[in-house]
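Written out below as C-alpha cells is the structure these notes cover.
The values are calculated or read from the model by the stated rules, or taken from the named source; none is laboratory data. No experiment lies behind these values; they were computed from the predicted model shown. Cβ: placed from backbone, ideal geometry, glycine included. Neighbour counts: every protein chain shown. Note: accessible area is taken over every heavy atom of the protein model, side chains too, but ligands, DNA and RNA are not part of it. Shrake-Rupley method; radii C 1.70, N 1.55, O 1.52, S 1.80 Å.
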Amino acid sequence: MTQPNYLSTNDIRDRFSKAMSAMYQAEVPQYGTLLELVECVNQETLSQQPELHRRLEAQGDLARLSVERHGAIRVGTAAELSMLRRLFAVMGMYPVGYYDLSEAGVPVHSTAFRPIDDDALATNPFRVFTSLLRLELIESKALRQRSEEILAKRDIFTPGARALVERHETQGGLTREEADRFVKEALETFRWHQDATVDLATYHALHDEHRLIADVVCFRGPHINHLTPRTLNIDEVQRRMAEMGMNPKAVIEGPPRRECPILLRQTSFKALEESIRFAGDEQGTHTARFGEIEQRGVALTPKGRALYDQLLNEARKQTVGLDNDAHQAVMQSVFSTFPDNYEAMRQEGLAYFHYHLTEKGQVAQNHLDTDIEALIEQGRVEARPITYEDFLPVSAAGIFQSNLGGKQNEAYAGNANRDAFEDALGAPVTDELSLYAERERASKETILTKV
Ligand code: OOG
Ligand code: NI
C-alpha cells in the first residue's frame, strides 16, 4: 500500500515519461514531427473505424494512447543494470522478458522495464527496452580490458538520484516534492552528451569492433536512443514519413497488416549523424539516435506465438531484399493461415483475452450458469483482446541493425545466457507470457464471483 502522503508509482512514472518525452523532443526535433504525424493518423483512424474506437475506449486503451511511449537504452556493466532496476522500481517498472540479441549478431542481451498490473498499464504503460553490453563476447582482450577500465570510471547516476532511490526503498515511497526531484535527477541519466569521455582513436577502435560498443562505452551515460509512440495505422505513418522528410527504414518489422492485429509491428526512421567533441578537443561524429513507431495488437499464447514464429520463419526465406510493399505482400500470403478474427483466435487458444460482464450480464445476476462459454453465448460476458505489452527479438534485431549500419557479427550468435543477465540485474526477469495468462485467469475468476 502506498502511504497517503506518498505519490503513487503510477504518478511518478507518468511524470517521468512525460518529462522524458519533452527532453527528447527538445534534443531530436524530428521526434516532435513524428509525434504530430502519429497523432494525426490516430485521429483519422479512429474516425474511420468507429468499432475500433468503441473497443479501445471500452478497454481503456484510448486514454493511454496519447501518452504511450517506449524508449531504449544500453548500459555497460552489471552495476549499472542493477541500479537501473532499483531506479525503475521507484516508477513501478519491473524487468519483464529476456531477449537474446547475440542471435542477431548484436553483442547485448536485454529486458524491458515496464508496469505489470492492469491499472498501472491503463494509467501509463511506459516501457524501457534495456540492453546490457556483453564485453565477454568481444574477441580482442585488449579492447575488452580497455572498455572495462573506461566503464569502471563512470557513474551514470547523479548523487541525488541515488539518494532518492534509497529513500524510496527505506521509507516505501516518495513525497510529491521528492518525486519531483527524483524525476529531474533520474532524467539526467538518459540525457545526450555532446562530449565523449574518450579520444577519437579509442572511439574508432571500439567502433571498428561494433558500433554498439562505441555507443555504450564512450559516453558519460546511456542516452535514450529512441522514444516510440504507438500508432493505430503503421502502414499509413510509414508512407507519410518519407513525405515529411524522414528517412524510414526499408520494411515494417513483425506481422503483416490484419483486421485483428497481433503482437507488435514496428518501423523507424534512420539514425542521425551528430557531431561530438572527443577528449583532447578533437571533433568527430556519432550516429545513435533515431525515431520509431509501433502498432500493438493482441498478446499471443505459447501456441499462438509458436504459429507466429513458424510463419515468420517461412516468410523470411522469401522476403530477403524485398521492398516494403513486396515484403508485406509475401507476409500477408504466408500469414493467411493465422485466423484473422478474435473469436477464432480465442476458440483455438491462440491469443489472450480479458473477460468481463456486459451490461446484460451485470443486470442478470444470480443465475446458475458458471460456464464462461455459455455466458458468452447468452451475451452476458464479452472477451476483449489483451494488448501485447512486450517486444519481439527478431524485430528488435531488425531495429538495431537498421540503425547500426547493418553490421552484424555472426560470431556472437548462440550465446543466450539468461542466468548471467539475471545475475547482473540482481533479480529474476518475469516471464511475459505468465503475466498475460494470469490476467486472463483473474478476469475469469472475477466474473465467476459476480454471476
Ligand atoms: C533497442 C532496439 C529494440 C524495439 O523496439 O524492438 C527496440 C536499441 O536499439 O537499443 O527498441
Ligand atoms: Ni524500440
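Could you work out how far apart the two model spin labels at SER66 and GLU259 are, taking each label as a point 7 Å from the Cα in the direction of the beta carbon, and quote it in nm?
3.1
Provide the three semi-axes, in whole Å and in decreasing order, of the ellipsoid equivalent to region 211-368 as defined by the square roots of 5 times the Cα gyration tensor eigenvalues.
40, 21, 15
Can you tell me, using C-alpha contacts under 8 Å and at least 6 residues apart, the relative contact order of region 70-172 as a whole percent?
29
Could you calculate the contour length gain from ASP340 to GLN362, that is, 0.36 nm times the residue separation minus the distance between their Cα atoms, to one decimal place in nm?
The ASP340-GLN362 span can extend by a further 5.0 nm.
With every protein chain left in place, what is the accessible area per residue of region 22-128 in square angstrom, probe 1.4 Å?
It amounts to 32 Å² per residue over region 22-128.
How high is the relative contact order of region 247-310? Use alpha-carbon pairs under 8 Å, at least six apart in sequence, and give a whole percent.
For region 247-310, the relative contact order is 33 percent.
Treat the chain as a sphere of radius equal to its Kirkwood radius over Cα pairs and apply Stokes-Einstein at 20 °C in a medium of 1.002 mPa s; give the translational diffusion coefficient in µm²/s, rounded to a whole number.
It diffuses with D of about 92 µm²/s by this estimate.
Quick check: at a probe of 1.4 Å, how many percent of the accessible area of the chain sits on carbon and sulfur atoms?
49
Tell me what the chain gives for mean residue ellipticity at 222 nm when only DSSP H runs of n ≥ 4 count, each as -39,500 (n - 2.57), the sum divided by the residue total, rounded to 500 deg cm²/dmol.
Taken over the chain, the calculation gives -14500 deg cm²/dmol.
Applying 1/(1 + (r/R0)^6) with R0 = 45 Å to the Cβ-Cβ distance of GLU445 and ALA79, what FRET efficiency is obtained, to the nearest 0.05?
That pair, GLU445 with ALA79, gives E of 0.65.
Once you place label points 7 Å from the Cα toward the Cβ at LYS303 and ALA58, how far apart are they in nm?
In this crude label model, LYS303 to ALA58 measures out at 2.4 nm.
Which of the three applies to region 100-146, rounded, prolate or oblate, going by the alpha-carbon gyration tensor with a ≥ b ≥ c and a/c under 1.5 meaning rounded?
Note, shape of region 100-146 comes out prolate.
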